[in-house]
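Here, each number is a calculation from the coordinates, and none is a lab measurement. The shown structure was predicted, so the numbers you read here are calculated from the model rather than taken from an experiment. Using ideal geometry, Cβ is built from the backbone for each residue, glycine included, and neighbour counts are taken over all protein chains shown.
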Amino acid sequence: MGEPILLKCVGCGREFAPEPSLFTCPDCGPSGTLDVLYDYDRVSELLTRESLDKSREFSIWRYLPLLPVAHDTPRTPLTVGWTPLYRTESLGSEIGCPDLFLKDDGRNPTASFKDRASAVGIAKAMESGNNIITCASTGNAASSLAGLCASLGLRSVIFVPATAPRAKIAQLLVYGARIVLVEGTYDQAFDLCYDTAQSCAWYCRNTGINPYLSEGKKTAALEIAEHLNWEAPDKVFVSVGDGCIIGGLWKGFHDLLEIGLLDRMPQIIGVQAEGCQPIRQAIETGKPVEPVSPDTIADSISVGRPRDALKAVRAIRNSGGFALAVPDEEILDAMRTLGRSTGIFGEPAGVTGFAGLRQALRDGLVRSDERVVVLITGNGLKDVDSALKAVGEPPRAKPDLDEIRKVVEEHYPECL
Ligand SMILES: *Cc1c(COP(=O)(O)O)cnc(C)c1O
Ligand SMILES: [Zn+2]
């Protein structure tokens, strides 16, 4: 149960039997990312509406027959996935999209979507007998790997840019990771991590290189479909850095189509920051993805050379979706709007999908009767400095009743 039957190169289509050392296609090199494919007939017998209705496993593991992990592989005891899908009708009506749902993946154990991928990556490392796991990260993949490794007593060696937000670095330190702060970009950290992993024989959880991460990330699509009672939404908006989340979402919907639990693919919309939009440019021009020099406040999607580009582009094209880029000010504005009207606090990349929805509505790319799901991919507490840029500092007062009254009159007259 839950064993992959084959790996298939997204670039050239060559198929391989899975083995622990096989990460990308030997013919295509690191850009030849691999799909994990299953015996879908068999899975459709194991994973049914009825089996899921009875399941009491409220985490990504409820979909084990569709995951590349053996049933007896040790897994993190932390609860990953099964995050809430909130119906946010009043915010939706305000922006012209009443049938709006927000999926808050900041609710994962280390507070980002990355936990879905780390949980599966770590299980694969355990199956291969390697208990030192490494990754390069803009921050969240790192804190996720570190936290989930800590939960199983495994070692993690982490490469992050020295400019990563302090809360993410604090998480790493608290989880006891071995950390290298690379004085360079994420793209440089990625290559350094990959080469060091080869020479030290560490298990590599790098995005795009490791084919099993998309399988973890696809669980969000499975949850969306199940929460919506097996009816596909019209559109799903998500922020894009390396392209693993968006590729994983497509794969999740694809797998559900294969086993007959869904009857159509939602349109998948990838949102990038204006200062870093290589995937969007590739979609616009129809050309292969070209590297860029990133410049955006949204650190988690500040990825100049997307490593999961093939899967990302396929997700958008094959689903009939599109790609957008939003300015940093819109991202900060999305943070404020979501916080104020829903109580969901997302980090900049976490709310970029929502900023994209607002832009798409302004541009007439979404009809008001469509059902839309937006993924919130990371918690705002991970980057408090950016949050403060979005909202400014609060007023101060001496501990004196008259002073307090003055502050209220001046700043909050609507409360009098
Ligand atoms: C990693 C990340 C993304 C982008 O995911 P990719 O798989 O790199 O495209 C978006 N938001 C947050 C909060 C992230 O941590
Ligand atoms: Zn290939």
So between residue 367 and residue 56, what do we pick up on full extension, going 0.36 nm a residue minus the alpha carbon distance? 108.3 nm
How large is the translational diffusion coefficient of region 3-70 in µm² per second when you combine the Kirkwood radius over alpha carbon pairs with Stokes-Einstein at 4 °C and 1.567 mPa s? 97 µm²/s
If the only charges are +1 at each Lys and Arg Cβ and -1 at each Asp and Glu Cβ, what is the size of the charge dipole of region 1-152 around the Cα centre, to the nearest 20 debye? 340 debye
The chain: D in µm²/s via Stokes-Einstein (Kirkwood Rh, Cα pairs, 37 °C, 0.692 mPa s)? 152 µm²/s
Using a ≥ b ≥ c from the Cα gyration tensor of region 42-148 (square roots of the eigenvalues), is it rounded, prolate or oblate, where a/c under 1.5 gives rounded and otherwise the larger of a/b and b/c decides, a/b for prolate? oblate
Could you give the angle, 0 to 90 degrees to the nearest 10, between helix 140-152's Cα long axis and the longest principal axis of the Cα atoms of the chain? 60 degrees
Solvent-free Debye scattering, log10 I(q)/I(0), computed from the Cα coordinates of region 328-388 at q = 0.18 Å⁻¹: -0.59
If we sort 243-249, 259-265, 48-54, 153-159 on the protection proxy, mean other Cβ atoms within 10 Å, highest first, what's the order? 243-249, 153-159, 259-265, 48-54
Binned at 10 Å from zero, the C-alpha pair distances of region 157-271 give percents of 13, 33, 28, 20, 6
Cβ under 15 Å from residue 294's Cβ, residue 294 left aside: what net charge do those residues give with Lys, Arg +1 and Asp, Glu -1? -4
Order of 178, 107, 396 under a 10 Å beta carbon neighbour criterion, fewest first: 396, 178, 107
How high is the relative contact order of the chain, in percent, counting Cα pairs under 8 Å that sit 6 or more residues apart? 16 percent
Divide by every residue of the chain the summed helix terms, -39500 (n - 2.57) for each DSSP H run of at least 4, and state the resulting mean residue ellipticity at 222 nm, rounded to the nearest 500 deg cm²/dmol. -12000 deg cm²/dmol
Quick one: Cα centre-to-centre distance for region 1-77 and region 284-343, in angstrom? 26 Å
What percent of all Cα-Cα pairs in region 153-201 falls into each 10 Å bin, going from 0 up to the bin containing the maximum distance? 26, 53, 21, 0
Going residue by residue through region 41-52, the Karplus relation 6.51 cos²θ - 1.76 cosθ + 1.60 with θ = phi - 60° gives ³J(HN,Hα) values, rounded to whole Hz and with x marking Gly or Pro, of 4, 5, 4, 5, 7, 7, 10, 10, 3, 5, 5, 6
Out of all DSSP beta bridges with both ends in region 77-181, state the antiparallel percent to the nearest 5. 25 percent
Bin width 5 Å, alpha-carbon pairs only: give the P(r) of region 215-302 as whole percents, running from 0 to the bin holding the largest distance. 3, 15, 22, 21, 15, 13, 8, 3, 0
Bounding extents of region 294-416 in its principal axis frame from Cα atoms, largest first in Å, are 63, 35, 19
Based on the Kirkwood radius over alpha-carbon pairs, what is the Stokes-Einstein translational diffusion coefficient of region 177-243 at 20 °C with 1.002 mPa s viscosity, in µm²/s? 144 µm²/s
